[in-house]
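The structure under discussion appears below in the form of structure tokens.
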Amino acid sequence: MQSAPESNGKQEAFWGQVEGRLLPMLEGVADLTLDQLNDVSQPWVELEYNRKVHSELNGQTPLQRFLDHKNVAQPCPSAEALQRAFTTEVRRMQRRSDGTLTLDGIRFEVPSRFGHLTELWLRYASWDLSTVHLADPKTGALLSRIYPVDKKSNAEGRRAPRTPAAATPPPPTGMAPLLQELIRQYATTGLPPAYLPQPKNPA
């Protein structure tokens, strides 16, 4: 799908503000990470960029322009739908002797309700074997998630515990005072978060 020229121009103007305004305020932050950049970008967008009068918007702020005109936004797919969009479908044969199958050298356990099937179809991302699903070959619907075989846990009658999500890193230091003030103001507005960070896959 191709973007309209005016849409490309809007994106270029926005990134010009990011490079010329936001990033210079972070020049004093040592070893800036993507997580830190995400954390400080939202307060800057909400409290400065969206509330600053734009010359191309007839003297309005982007926020006022959005509220006063017809909403033409398209809903974003869910995280699960986006994850499924980057998967491939493969066929595997189930070992009837122990109800398992092999995918990229790793043996997975097939749920007992699918034990009567010899041929199974899987959907997964080649770079992430932590999330593998059985799929209906006709409709593409996901039927069940499958997990690698853990012989030790199976013998003891329990599954391995889930790895807790990593703790949130402490707030970065050394950023511009103005950006620190924007973050403080944004925290006191009570506005709901515009995005929810997803837990990282366990190693």
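FYI, it's all coordinate maths here, none of it is from the lab. Since we're looking at a predicted model, the values are computed, not measured. Quick reminder, even Gly has a Cβ in these numbers, built from the backbone with ideal geometry, and neighbours come from all protein chains shown.
At-a-glance table
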quantity	calculated
Helix 5-17 vs. the chain, principal-axis angle (Cα, 0 to 90°, nearest 10)	80
5 Å-binned pair-distance histogram of the stretch 5-68 (Cα, whole percent)	3, 15, 23, 25, 17, 10, 6, 2, 0
Degrees, to the nearest 10: 177-189 long Cα axis against longest axis of the chain	70
Rounded to the nearest 20 debye, dipole of the chain from Cβ charges on Lys, Arg, Asp, Glu	1080
Rounded to 5, percent antiparallel among DSSP beta bridges of the chain	100
Fewest-first sequence of Met93, Met25 by Cβ atoms within 10 Å of each Cβ	Met93, Met25
Net charge of neighbours whose Cβ lies under 15 Å from the Cβ of Leu47, counting Lys and Arg as +1 and Asp and Glu as -1	0
Distant alpha-carbon pairs in the chain (separation over 28 angstrom), percent	52
The stretch 58-70 - phi-based ³J(HN,Hα) in whole Hz, Karplus 6.51/-1.76/1.60, Gly and Pro as x	6, x, 9, 7, x, 5, 5, 4, 5, 6, 8, 10, 4
Average Cα contact separation per residue, the chain, under 8 Å, 6 or more apart, as relative contact order %	21
Sequence of Ile106, Ile146, Ile183 once ranked by neighbouring C-beta atoms within 10 Å, starting from the fewest	Ile106, Ile183, Ile146
Shape category assigned to the stretch 43-149 from the gyration tensor of Cα positions, a/c cut at 1.5	prolate
Sorted by Cβ density within 10 Å, fewest first, the residues Thr33, Thr87	Thr33, Thr87
Relative contact order (percent, whole number), the stretch 5-68, Cα cutoff 8 Å, 6+ residue spacing	17
Helix-only [θ]222 nm of the chain, DSSP H runs n ≥ 4, -39500 (n - 2.57) each, per residue, nearest 500	-8500 deg cm²/dmol
Gain in span if fully extended, Leu196 to Glu109, counting 0.36 nm per residue against the direct Cα distance	28.1 nm
